[in-house]
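What follows is a set of notes on a single structure, which appears directly below.
Derivation of every value follows stated rules applied to the coordinates shown; laboratory data play no part. Values in this document were obtained by computation on a predicted structure and should not be read as measured data. Note that we place each Cβ from the backbone using ideal geometry, even for glycine, and neighbour counts take in every protein chain shown.
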Amino acid sequence: MENKDLPLVSVIIPCRNEEKFIGKCLDSIIAQDYPKNKIEVLVVDGRSTDRTREIVKKYAQKYPFIRILDNPQKIVPAALNIGIKKAKGEIIIRMDAHNIYDKSYISKCVKYLKEYNVDNVGGILLTLPANNTIVAKSIALALSHPFGVGNAYFRIGSKKPKFVDTVPFGCYKKEVFEKIVLFNENLVRNQDIEFNLRLKKAGGRVLLVPDIVSYYHARATLRALAKQNFWNGFWVIYSTKFAKMPFSLRHLIPFVFVVSLVSSLILSLFYYPFIYLLAFILGLYLIVNVFFSAKIAFQNGLKYFPALILSFSTLHLSYGFGSLWGIAKLFLYKK
């Protein structure tokens, strides 16, 4: 397809306080093999308090196709909606400032969107460590393994294109946003999942293509991982206050795990034998955790073994307790 026949692509990047990553993200977009005169990049900043705006403004001065927009609400769905309303392209790609993108990301998104005649297409997410520490590398390994993230194909990979419920950093036909209401601004997280659910109910199709690749920088510490996944677990449940949300088994397993621990502990205070149930659940989890941690460590280095055990435990427990808090908040809301 000749340059003049290619569609204009609007890239929307919601961000807030991403001074460590926004430059790398923009560099990967500048390096795209898609013609620059067919790209506009809208960085929608949630009033960052670090150097994010300063960095983006420098890029915008050098590259006319990059613009910065203000997001007074500071949350992702509001940023997406601001960007969509300002976008001039007939194709819209939602990107994340925390990621870098393969040089063919945009061209492949446009290609497969047309080739399969779908409404949204996305690719796989390869997880990178935030730095070179053993803990950071172990976190990245845990987030790339089925024991850590279940059957999330965009994280663990797929051998061929497949229709799915959602994809990260989707590429949409702009007409989709004329048919479907914009992103739900009540959903601080999971807005992509909910939007794609409405899209599919309206007859749209969402395609995952493993040839489309982006790279995600995982959290650097167990504390940061716990904080992130606590709120991920919270919003997967609390989102039901605002919209119908699709749950898969992988979303609920950490919640069931935590509830079984908490309930058996509480019951043991009234009937001591329940302490054996608690010990059994913890013991079984530890055995499975040690098995997969050892397997991954043998492949990547035994020095990662202890940190892998801690990474998986942090991932599962924080997500499960987040979901438990989401249930509690829903109950309090109804009361």
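Some points to look at:
- Diffusion coefficient of segment 241-334 by Stokes-Einstein, Kirkwood radius over Cα pairs, 10 °C, 1.306 mPa s: 105 µm²/s.
- For the chain, calculated [θ]222 nm from helices alone, where every DSSP H run of n ≥ 4 adds -39500 (n - 2.57): -16000 deg cm²/dmol
- Positive-end residue of Cys15, Phe169, Ala78, charge dipole of the chain with Cβ unit charges: Ala78
- Translational diffusion coefficient (Stokes-Einstein; Kirkwood radius from C-alpha pairs) of segment 113-213 at 37 °C, 0.692 mPa s, in µm²/s: 222 µm²/s
- Nitroxide proxy distance, nm - points 7 Å out along Cα→Cβ at Lys58 and Lys24: 1.7 nm
- Counting only cysteine Cβ atoms and a cutoff under 4.7 Å, the chain contains unmatched residues Cys15, Cys25.
- For the chain, a crude dipole built from +1 on the beta carbon of Lys and Arg and -1 on the beta carbon of Asp and Glu, taken about the Cα centre, is about 280 debye to the nearest 20.
- For segment 4-111, the Rg and Dmax computed from alpha carbons only, in angstrom: 12.8, 41
- Added length on full extension, which subtracts the Cα-Cα distance from 0.36 nm per residue, Ala31 to Ala243: 72.5 nm
- Evaluated at q = 0.10, 0.19 Å⁻¹: base-10 log I(q)/I(0), Debye formula over Cα of segment 163-318: -0.53, -1.26
- q = 0.14, 0.28 Å⁻¹, segment 150-203: log10 I(q)/I(0) [Debye, one scatterer per Cα]: -0.42, -1.26
- Nearby lysines by direct alpha-carbon distance to Lys160 (threshold 19 angstrom, same-chain neighbours under 8 apart not counted): Lys108, Lys111, Lys114
- Counting only alpha carbon atoms, the long axis of helix 222-238 and the longest principal axis of the chain meet at about 80°.
- Highest mean packing first, where packing is the average number of other Cβ atoms within 10 Å per residue, the peptides 158-167, 201-210 line up as 201-210, 158-167.
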